[in-house]
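The values are calculated or read from the model by the stated rules, or taken from the named source; none is laboratory data. Computed from a predicted model, the values in this text were never measured in an experiment. Heads up, the Cβs are rebuilt from the backbone with ideal geometry, glycines too, and the neighbour counts pull from every protein chain shown.
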Amino acid sequence: MTGDRDLRIAVLGVGVMGADHVARITSRISGARVGVVNDYITEKAEQIASEIDGCRAVADPLEAIADPQVDAVLLATPGAVHENQLLACLEHRKPVLCEKPLTTEVSTSLDIVRQESQLDRPLIQVGFMRRFDDEYMHLKALLDGGELGRPLLMHCVHRNASVPSYFDSSLIVKDSLVHEVDVTRFLFDEEITSVQILKPSSNPAAPEGVIDPQIAVLRTASGKHVDVELFVTTGVAYEVRTEVVGEKGSAIIGLDIGMIRKSAPATWGGQVTPGFRERFGRAYDTQIQRWVDAVRAGVNVDGPTAWDGYAAAAVCAAGVESLHTGLPVDVQLAARP
Ligand code: ISE
């Protein structure tokens with residue numbers, strides 16, 4: 001707990017997402033400030049630090065975590081280094097908001113869950129930001145209120161105009177589908193038991209060897225069906241739609257219905273959100289504000305937990321296996337500590 005003073009956050013990794021978080025904490029979040037930034041490109045961290053009052057660049061991420069002037073950590077580093085950095089946060093008892101993935105392997109994610117469960121209170125929150133989006137929260141409230149009856153099906157669309165050049169077929173599962181995996185577990189409050197990835201003909205514009213689009217078919221413990229169209233090289237814009245079909249009706253979110261304009265010659269239409277930072281900008285703000293408030297209140301977590309990060313990793317591992325075999329693959333989930 002920080003009492004009346006601002007929470008001093010170390011942001012590790014100031015690439016696109018990390019720099020975005022630094023800007024939001026500095027300008028829109030109350031009760032917190034960025035005290036330390038770190039990046040493997042040290043000049044980038046130094047540049048960002050020089051623009052913020054009272055902020056320092058620290059070259060070693062583990063030193064930044066251990067720093068007594070740091071109350072909490074925001075991890076926006078590449079997934080491959082999360083394991084070490086999360087272990088350091090646990091060792092130094094620093095609350096941490098970790099961008100997905102929790103870690104890159106299911107076994108190391110489970111290890112993190114187990115290590116955290118030895119402590120007297122949780123420290124890790126995972127950055128599945130869709131849970132903080134107004135439309136998803138509305139849909140969740142509708143389902144919990146029972147107005148649609150028991151949900152039976154969910155149809156999702158997840159399209160990106162483009163993705164970074166290092167994206168391969170399995171990253172479409174682990175980096176993109178992972179959001180629908182978390183949304184399914186969040187909306188339905190149950191585990192996913194099997195995953196199958198179908199491979200329609202690939203988009204000629206996708207890089208050589210990358211399977212895009214993909215169709216993921218998820219089945220939940222109670223038998224609900226979820227299908228997800230993943231298409232990350234559309235060249236169009238960002239489209240994330242989710243439709244739940246229940247016994248008494250259906251509900252859809254993500255239609256991008258802002259202003260509809262008519263213009264000559266005989267054109268009708270509006271705008272599609274360009275990318276995930278614009279589409280989920282307010283959700284990121286809400287996520288970070290609620291995390292800051294939870295850490296200042298001493299509860300540390302108000303959102304997806306390390307277990308949610310582990311469960312998502314386990315589902316995605318089954319998805320990657322199905323990508324290779326084409327068959328449905330059962331999800332292997334350890335007992336929850
Ligand atoms: C990216 O990492 C995200 O998290 C976006 O929300 C998602 O749409 C995109 O496919 C991912 O690569």
Restricting to region 221-241, what's the tally of residues that are in contact with an Asp or Glu (Cβ under 6 Å, 6 or more places away or on another chain) and crowded, with 20+ Cβ neighbours inside 10 Å? 3
Can you tell which of THR193, THR234 is touching a residue at least 12 places away in the same chain (Cβ under 8 Å), part of a strand (DSSP E or B) and of a type in the set (Ser, Thr, Tyr)? THR193
Out of the residues in region 215-250 meeting the condition of being of a type in the set (S, T, N, Q) and over 20 Å from ALA205 (Cβ atoms), tell me which one is nearest to the ligand (Cβ to nearest atom). THR242
Can you tell me which residues in region 121-168 are within 22 Å of PRO213 (Cα to Cα), more than 16 Å from the ligand (Cβ to nearest atom) and crowded, with 16+ Cβ neighbours inside 10 Å? MET154, HIS155
Some residue of region 307-327 being in a loop (DSSP other than H, G, I, E, B) and modelled with pLDDT of 95 or more: yes
Given the conditions (1) within 17 Å of LEU177 (Cβ to Cβ); (2) within 17 Å of the chain's Cα centre (by Cα); (3) not hydrophobic (A, V, I, L, M, F, W, C), which single one is not true for HIS324? (2)
Unique residue being out of contact with any Asp or Glu (no Cβ under 7 Å at 6 or more places or on another chain), in a strand (DSSP E or B) and farther than 30 Å from VAL315 by Cα when the list is VAL73, VAL37, VAL11: VAL37
Residues that are outside any helix (DSSP H, G or I) and buried (at least 18 other Cβ atoms within 10 Å of the Cβ), drawn from region 18-32: ILE29, ALA32
Condition broken by ILE41, with the remaining ones in (1) without any contact (Cβ under 8 Å) to a residue 24 or more places away in the chain; (2) touching a strand residue (DSSP E or B) at 6+ places or on another chain (Cβ under 7 Å) satisfied: (2)
Test for THR267: is it within 23 Å of LEU171 (Cβ to Cβ), polar (S, T, N, Q) and either within 16 Å of the ligand (Cβ to nearest atom) or at pLDDT below 95 (or both): no
Within region 242-272, can you find the residues that are assigned to a strand (DSSP E or B) and either touching a residue at least 12 places away in the same chain (Cβ under 8 Å) or surrounded by 11 or more Cβ atoms within 10 Å (Cβ to Cβ) (or both)? THR242, GLU243, VAL244, VAL245, GLY246, GLY249, SER250, ALA251, ILE252, ILE253
